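Some notes on the structure that comes next.
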């Protein structure tokens, strides 16, 4: 995980080749894939997934790598994770969907991508709000 955090791709590859577990979590529940998202490192994310890293791992904030990528405004990483079949219907601890988060973080390209992938526009969070209500509240166009 530290090799990914420091973006030491050769080191991370060597560790994976020698059996390092790509799903180890830090004290915050982040896995190496979460760190690849933070660093926007697509090649490391791909490498980790090729070694069976869990694309749906949840950290202590209940964020999967996809939800984290949306919150961190990492558009390329979002596209990559969606192509790798990350669950676009995953929700955080407030039951906010990827679509709601994309609206909240004003990411129109991600909103478009999620809608094209069939994101549920009628899902409600713990307050009963939908993505449309998030759009109205945040002034999202």
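The values are calculated or read from the model by the stated rules, or taken from the named source; none is laboratory data. Remember, predicted model here, so these are calculated numbers, not experimental data. Using ideal geometry, Cβ is built from the backbone for each residue, glycine included, and neighbour counts are taken over all protein chains shown.
Given the options 66, 48, 81, name the one that is at pLDDT 95 or above, part of a helix (DSSP H, G or I) and more than 25 Å from residue 118 (Cα to Cα).
So the residue among 66, 48, 81 that is at pLDDT 95 or above, part of a helix (DSSP H, G or I) and more than 25 Å from residue 118 (Cα to Cα) is 48.
Under 8 Å by Cβ, and 6 or more places apart or on different chains, what pairs join a residue from the stretch 95-107 that is on the phi > 0 side of the Ramachandran plot with one that is surrounded by fewer than 24 Cβ atoms within 10 Å (Cβ to Cβ)?
Listed by first residue and then by second, the contacts come to 95/123; 95/124; 95/125; 95/126; 106/138; 106/140.
May I ask you to verify whether residue 86 is under 16 Å from the mean Cα position of the chain (by Cα), modelled with pLDDT of 95 or more, buried (at least 19 other Cβ atoms within 10 Å of the Cβ) and part of a helix (DSSP H, G or I)?
Here the answer is no, as residue 86 does not meet what is asked.
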